Amino acid sequence: MKGTAGQRQGNQARAGGRTVSVVCNAKYSAPLRNQQSGAAAPQTAEFSGRGATTCGTFIPGLPELSGLAVRPSSPTWRIVQSRQRESVIANSTDYTSSASDEGVLRLPGRTELEPHMVTNVFGFPRNLVDKYHLGRVIGAGSFGVVREVVEKATGKTAAVKTIPKVPKRGLPTPRYLLKLRTEVEIMQQLGYSLDAVNLRDVFEDDDSIHLVMELCEGGALLERIEAHKYSEKYIARLTRSILRFISQCHAKGIIYRDVKPDNFLFLRHDDESPLKATDFGLSIRHWPDEPKLTSRSGTPAYMAPELVLQSYDEKCDIWSVGMLTYQLLTGRFPFWEDVRTQTLSDVWKAILTQDVNWDAQELKQLSPSAVDLLKRLLQRDPAQRPSAFAALEHPWLSEEGRARDLPLQGSVVQRLQRFSTFGHLKQLVLKIIVDEIRDEMTGAAAAGQKPHGVSRKARTALGNLQDLFNELDTDGSGAISFEELSSGLRRQGYVLADNEIENLMRRVDSDHNGTVDLSEFIATLMDWDQVQSEQNWQTYLDHAFRKMDHDGDGFISLDELLQQLPPLRPAPGAPAGGLAQVVGSAVSGAAAALGLGGRLEAYEGDAERLAEAKLMLREADTNGDGKISREEFFDLLRDGHAPDSLSFYDDRLAIGEDGRARPVTQAHPPSSQQQQQQGGLQTAQR
């Protein structure tokens, strides 16, 4: 069956630790045959298991590959041997609870839970139907359903993906619930990139979680490529978009683990539509210096050799991009013309042992540069594979006439995206540092002196940002509205839809007052790499830490994070005082909030506020002791794990024939969902 774009948007079925694709309509995504029964095997799956080891010349731990001999001189053998010398996670501890978690999330990961135990797990808002009209079903599977929804306050359409907390196969486990939460948190973070589907809202009820997200109407990636003949240049643009997204994942310590055509959607139907990543159900947080991961997760045909061998890191995504790019360029996989004819064992044997035929007929029509990139991405040894950042630098993916890191005026949208995909705690700390720098400069100016701790470079950068702020703040109010930001970006040559600008502004507007003030603006667009190279950077970090460590014990607690968030507001009709005074007292705010039961509902945003503070704690609490040490705090602000270059983000500049950005006179032509917003309420109520 073909399936609508909405079906593509919600086509990942989740059930008891396995993830199964339910929309399969072509040879590139059809289910594999089951080796025993001949029935269709899952297209996308998470396979549990321990780390692969070797014995003799075989690979135990892979029952699907029993009888597969691996030659001691082969690349696969060398990979397996190298994995023996590396530490691995022994018992699939990929989703673990933290000290701030409570209830069932603290139980051992494989504990089977009864349905009544998971009615209130995540602390997400529970008022979906108060904010949205639920419309027609546009996708369904064993994971639940995807519906079209209309926001009551604005009439804007979106998609809501409903995932049951009790999987259809078996009972829920803490690990399953933590996996769901990880999917939400990663999408909340990366969804503000213009290369990913934006997550607008998350809700919870007794049975399910509900993810309200951007509605992509342009269809899935390969669906479009198969329907029309596109140039190599166009496919290079798509590959660049995918690698940009993967670079963003890796820069944030995230492995995507499910690169495939169904997980990349076009926002609109036109050829200039941006491509957006969706479905973060198999994504996981993992830094390169951590022990290798061992759980087999992903779509078998796109799995990297080391992932099949159950000892892998972020380089597995690069192999998957190589497999997908080979498909886009040739219309087939490198190892099989039609994967539907293969068993799971056949697929994994080919991935581990079969060489790509670089003299194949389908490759002769490609440019040498395209084939060279494929050879680099499909290196069987992950150590020989380029990083996502290095792959983006390949000549085949270069954009002629564009600088890699544009100056301020040409990189505003890239800077907005990069800041928006930082974690919430990191964003908060950067704003505290901006406020200190501004206070220092203001005090020095009032005294007729040069600011002692701010270098000339930093002063120049701040001056440029102040000028740009004044240019965008056309009414001189001291804050930038949505309308001012939208028209200002288009004057400077940026091509964005209104909803994309709205999404970015929502993330930058840290106090949620509907406008962007100067401190928020500077924190977002500041060249933080430059600031971190300044000699006073450590001083700024020390001051920020002390400001958040209210009791001076050398740690930042959940209580102290709560005090950094906007204050509670009484809900309409609720009595004043009570909870707000308790939580605001700084005696034991978090503990008080957790013990107040039903009274929590008397205040708007209080449960969400507590959930936000816990998310910030998990962002930095790497040792899981329930508090943030000075070392963990400094490590959060250190860009030493992986590069996070502006070139990882779509600049969205309209470039003229002279190579310069040209003004955009109007918003991009609206999608059909935008055209139908006036009638959206009626559509949703059908």
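Please treat every number below as a calculation from the coordinates, not as lab data. What you are looking at is a predicted structure, and each value in this text was computed from that prediction instead of being measured. Every residue, glycine among them, receives a Cβ derived from its backbone with ideal geometry; neighbour counts consider all protein chains shown.
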Ranked on Cβ counts within 10 Å of their own Cβ, fewest leading, 507, 630 go 630, 507
For the range 170-243, what does the relative contact order come out to in percent, with C-alpha contacts under 8 Å and a separation of six or more? 18 percent
Quick check on my link table: of 165/260; 457/627; 233/349, which ones sit more than 30 Å apart, alpha carbon to alpha carbon? 457/627; 233/349
Hey, rough spin-label estimate for residue 447 and residue 271, points 7 angstrom out along Cα→Cβ, what's it come to in nanometres? 6.3 nm
Treat each spin label as a single point 7 Å out from the Cα along the C-beta direction, and report the residue 354 to residue 538 distance in nm. 5.6 nm
What residues from the range 433-468 fall in the zone where the backbone N is under 19 Å from a label point 7 Å along the Cα-to-C-beta line of residue 547? 433-446, 451-455, 458-459, 462-463, 466
Non-local amide H neighbours of residue 138 (under 5 Å, H modeled in plane, Pro and chain starts lacking H): which ones? 146, 147, 148
Under a straight-distance cross-link criterion of Cα-Cα below 15 Å, which aspartates and glutamates are reachable from residue 364, leaving out those fewer than 8 residues away in the same chain? 232, 372
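From the Cα gyration tensor of the range 286-326, with a ≥ b ≥ c the square roots of its eigenvalues, which class applies: rounded if a/c is under 1.5, or else prolate if a/b is larger than b/c, or else oblate?
Working: a/c = 2.74, a/b = 1.57, b/c = 1.74.
Here the range 286-326 falls in the oblate category.
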At each listed q (0.10, 0.22 Å⁻¹), what is the log10 of I(q)/I(0) that the Debye formula gives for the range 171-287 modelled as equal alpha-carbon point scatterers? -0.33, -1.26
Below 13 Å, Cα to Cα, which aspartates and glutamates can residue 375 reach? Residues fewer than 8 away in the same chain don't count. 355, 359
Leaving out same-chain residues fewer than 8 places away, which lysines sit with a Cα under 18 Å from that of residue 131? 152, 156, 161
Sequence order, the range 309-325: Karplus ³J(HN,Hα) from phi using 6.51 cos²θ - 1.76 cosθ + 1.60, θ = phi - 60°, Hz rounded, Gly and Pro as x, gives 7, 6, 7, 8, 9, 5, 5, 4, 5, 5, 4, 4, 4, x, 4, 5, 5
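Per residue, what volume in Å³ does the Cα convex hull of the range 262-340 take up?
Values: hull volume 9.8 nm³, N = 79.
That works out to 124 Å³ per residue.
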What nm value, rounded to one decimal, do you get for the distance between residue 483 and residue 228 when each label is placed 7 Å out toward the C-beta? 3.6 nm
Between residue 506 and residue 455, take the C-beta separation as r, use R0 = 41 Å, and let me know the FRET efficiency to the nearest 0.05. 0.80
Surrounding charge for residue 105, neighbours by C-beta under 14 angstrom, Lys/Arg +1, Asp/Glu -1, total +4
